[in-house]
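Have a look at the structure below, then the notes.
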Amino acid sequence: MKRRPSKKAVLITSLVLLALLLAAGGGYYYYTHTKGTKSDQQSTADSDKKINDALALSSEIAQIAQSEGGAAAQKKIDEKISQADTKQKQAELYDLKIATLYSSNDPAAATKALEYAYKIEEIDPTYKSALTIAEMERDANNKTVALKYYELYIARSTSSDGSSLDPTNKAFYEQRIQELKS
Amino acid sequence: MIRKVGLMVAVGIMVGQFVIGAIAPTDSLANGRGFQQGYFYNMSAGGVTHYNVLESGLPESSVGTDKQKFLEFVQTRLLNSSQAGPCPGNGCDYAGASYIIQTMRGGANGWHYNFPAGRGPDVDDWVAKVRNPDIGLRWGYEGGASGTLTSARFRTNGVRDVAQVSGDTSGKTLSFYSISTGKVYYVLRESCANPLGDYPGLPDPAANWRVSGNSTIQVGATPNQAAGRNGTVTAKPGDRINWYHDLTNNGPDNMDKTVSWSIDKTGFSNGWNGISAPAGSNSGTNGSIFVKVYASQGNAYSLYDITQDDVGNTVCERIRWTPQSSSNGATAASGYACASVPYSYTLTPTVATDRSGIVEAPASVNVTPHVTNSGPTKSRSTQWQLTRIDVVSGKTISKPSGGQSAAAQLPCTFFAGTGSVCKILQKGNSVFYPNGSITGDALNAAAEQINDLPVGSKICFAMSVQPVSSGSTNWSHSAPTCLIVAKKPKVQVLGGDLVVGRPTVYNAGKVSQVVTSASYSGTTSKYYGSWSEYAIIPSGNVRGMASGAMYVDGANSSDLCTLSVLTISNDTGSGCQASSVGQYAIGSTAPNIASRFTANSNIAGASVDLNSLASAHVYTATSPNLSISSSQPVVKGKWVVINDPRATVTITSNINYIPANLAGLGDIPQVVIIAKNIIIAPTVTNVDAWLIAAGTGNEGYINTCSSIAAGSPAGITSNTCNQQLTVNGPVLANKLYMYRTAGSGVGAARGDPAEVFNLRADSYLWASYYSSSNGRLPTVSTKDLPPRF
């Protein structure tokens, strides 16, 4: 004989299911509004590691620069460059060398930095490397060269990985191109 | 059933939390939010468009490295925007400017997730941190140190926020860094004003303060800080030095850490140098004197009594502290507060001898040098010299009062003079103290020998020091202490005895001493003195005079027991005692010679030449003072008697009997002078006459040198009465003043007499002739004398 559930049991079961649905909905809302989408989470995992590694290295280099001087820090970066397995990593380390030149108040920072900037351009040309050269040449009052690289920067940013380029940021440098042309 | 459903809900919640935690590897980013999480609302920036933090970036041309321009640039964007404003437009920069302000403030005191008001505590704190003097601004290319970590403005669920995201860090950057350490605290990208990297934000500005120290010094028995002064004061031994040291916080802020301080000391002679006590660590509020090391507090190192050991030094103290200010970690110190203790003294050299005035050579003398320091300080190292200067007779020492000379003029040069010989007895280098103590070479007495030197020679001693005082380099020379070489005149009694104290018809007998001196010759190593050829018969003691001619060629001893071979002594039965030789009185009255010559003629006037008087006459004087001279020797067969016991006779020339062959007693010339007193002129060297002084009391004397008043010999010098006198004839007097100074030369001549009383046989023979011619020759006295071999 099949026993029919009582009205009381059905009511209780319905309330529990409702509570579970509300909890799941709340959890989903919290999840989506605090940590992004699941696809976002996956896409940033590699980026997180890369960022953390870069920050750890720059922190290490900064400490060396403070305790042992800029030359020691540059030497350390050079060691890392020799061990880098990709051109992209080498370019990033040259970028760190440029930063270290300035943070160490190296009196020859501008000259050396430009040299490294061209090195980056040589091994891993990107819109970033073009911008760096453009800015440095502008500092050196080499307007023609600067203009060339500013335009290269704009071109690269719109054709390849320029998707992340803020339109207003792009506008900042287009304005600079206009200034150089005028 | 209910329990099962509750468990399911709990498991579901736990699973959800685990998933959330597992997807946030960069949660440790500096701003306290996770990677790609909005700073103000903590919502994800994933899947939405990212924009510049400030819409038009942060152009270098707008702010440069000017802090004020930077502050105004950012604050203007905060003031001119709102969260609800349109973007593009006045809503774009609200979240970005707020983000820059709050993240630049850092998280040291907790992150500030609120939107700051355009003006208020949040902005004030941000402004203060940017204005921190230790924070510098630098344009460069430092994005490479941030990897791809940048910031971005985004919009979600109707609000605008800023999150740390991955993106472009290239291009020009503005860095905020510590000028003192080089550490980078914040980096902004020029084109977008995006804060880059994972920097901590600006530190709290350190408190701004500066410490000043002051050290003052005061001389006085009682501390009086108001009288303290900076720099150097002058002090002397016995002074008390008081120091006052303090540290002041000159602000403008209260001190946020302590300074270590100590007291430096230099120039001390008591071991304080190198002791840094007292010391401590203190801090103070703005404007406060937070360290006080005052003499008035009785601190041991703030009080110091100057001693002689400090003379020539400068004792100093100062306060030293570290750090000197909030921005300077170096050590600072106050100026030294010093007490200079200069030399201040004057030396006075003196010299003393254990003999003074006149000394008969040979003799030894102890010479004691002395130097007095009138202070108040000890002297510098001073060279000194004890000098002997021998000056020949007739010359005087140069510089008899001493004095000063230049440093180059040494004592012997200073005292040099004609006929002088200088000799250094002692010299050395010493430091003389006001209390009389000396360090260095001691000043010792010098035993000096004065050998046979002619009478009148001067032996002088002087003490000299250089430099004489703290203010001079001169020598100072004491007044020389001089001894004059003198002599002790001698007398010889020849041909007869010396009888003293015997009663006469004019004077009663008395106890009379025979006192003469003896001399030693260093040349002959013999003693010389007065002597009698025959006996000495004294009623009192004998001192120095030998009998039996024992000193005739000098003696090896001056002991009277060996020299009194013919001295009649009253032996007490204890053997010869040199101190009691003599004391043998003759009780019988001496013959009354005057009664034997009755006057039969007068001498008119106050002077007479014996040559003018008739022979065989007895004269009496008409003047109470009669001068007798003899222009010619008394001729053969002439005798003259001047018998006037009332007159004082002065013999003004030699009286000589003529040296001629005599055929009989009647040819013997003879002169007899009987007077109250008989005085002999200093030029007289020979008197051939009987000399009978018949006065009584203080009179009845014979004075052998009329230059000197009888009984007052003070004026005698070796230059007066310096001719030897010989009297050939009997001598009888109440008092015999022998004032001649002749003889007593050097070496064997030391025994040469000044006076010689010689009773020759012609007196006896003439007396026999005279008595026989007058009918009788009575015996008036008989005395048994000891035999002499």
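Read the figures in this text as sums done on the coordinates, not as results from a lab. Everything numeric in this text was worked out from a predicted model, so none of it was measured. All Cβ positions, glycine included, derive from the backbone under ideal geometry; neighbour counts span all protein chains shown.
Here is how the numbers come out for the structure above:
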read-out: Shielding by partners - mean other protein chain Cβ count within 10 Å, residues of B:188-198; value: 3
read-out: For the protein assembly as shown, share of DSSP beta bridges that run antiparallel, in % to the nearest 5; value: 65
read-out: Residue order, fewest to most surrounding Cβ atoms within 10 angstrom, among B:CYS87, B:CYS705, B:CYS316; value: B:CYS87, B:CYS316, B:CYS705
read-out: Rh (Kirkwood; distinct C-alpha pairs) - region B:114-244, Å; value: 19.5
read-out: The protein assembly as shown, dipole about Cα centre (Lys/Arg Cβ +1, Asp/Glu Cβ -1), debye to the nearest 20; value: 1620
read-out: Antiparallel bridges, percent of DSSP beta bridges restricted to chain B (to nearest 5); value: 65
read-out: Prolate/oblate/rounded call for region B:594-773, Cα gyration tensor, a/c under 1.5 rounded; value: oblate
read-out: Mean Cβ count within 10 Å, highest first, over the residues of peptides A:61-74, B:353-366, B:135-148; value: B:135-148, A:61-74, B:353-366
read-out: Relative contact order of region B:26-189, defined on C-alpha pairs under 8 angstrom at six or more residues apart (%); value: 26
read-out: 10 Å Cβ neighbours from other chains, averaged over peptide B:278-287; value: 0
read-out: Reference-scaled alpha-carbon Rg (2.2 N^0.38 Å with N residues) for chain B; value: 2.22
read-out: Percentage relative contact order, chain B, counting C-alpha pairs under 8 Å, at least six apart; value: 7
read-out: Distant-in-sequence amide H partners of B:GLY197 (H built 1.01 Å from N, under 5 Å); value: B:LEU149, B:THR150
read-out: Unsatisfied cross-links (Cα-Cα over 24 Å) in the set A:LYS49/A:LYS80; A:LYS119/A:LYS181; B:LYS638/B:LYS735; A:LYS181/B:LYS67; A:LYS119/A:LYS148; value: A:LYS119/A:LYS181; B:LYS638/B:LYS735; A:LYS181/B:LYS67
read-out: Full-extension gain in nm, B:ASN230 to B:ALA616, via 0.36 nm per residue minus C-alpha separation; value: 127.9 nm
read-out: Span-like helix ranges in chain B, DSSP H, alpha carbon extent 30 angstrom or more, Kyte mean at least 0.0; value: B:2-22
read-out: Per residue convex hull volume, Cα atoms of region B:209-340, in Å³; value: 90
read-out: Proxy reagent accessibility, fewest Cβ within 10 Å first, across B:CYS92, B:CYS422; value: B:CYS422, B:CYS92
read-out: Förster-model FRET efficiency, 22 Å R0, B:SER768 and B:SER601, C-beta, rounded to 0.05; value: 0.40
read-out: Sequence of B:PHE757, B:PHE290, B:PHE461 once ranked by neighbouring C-beta atoms within 10 Å, starting from the fewest; value: B:PHE290, B:PHE461, B:PHE757
read-out: Region B:252-276 residues near the modelled B:GLN297 label - backbone nitrogen below 15 Å, point 7 Å along Cα→Cβ; value: B:259-264
read-out: Residue-averaged [θ]222 nm for chain B, counting only DSSP H segments that reach four residues, each worth -39500 (n - 2.57); value: -3000 deg cm²/dmol
read-out: Using distinct alpha-carbon pairs, which all enter the 1/r mean, Kirkwood radius of region B:666-725 in Å; value: 12.8
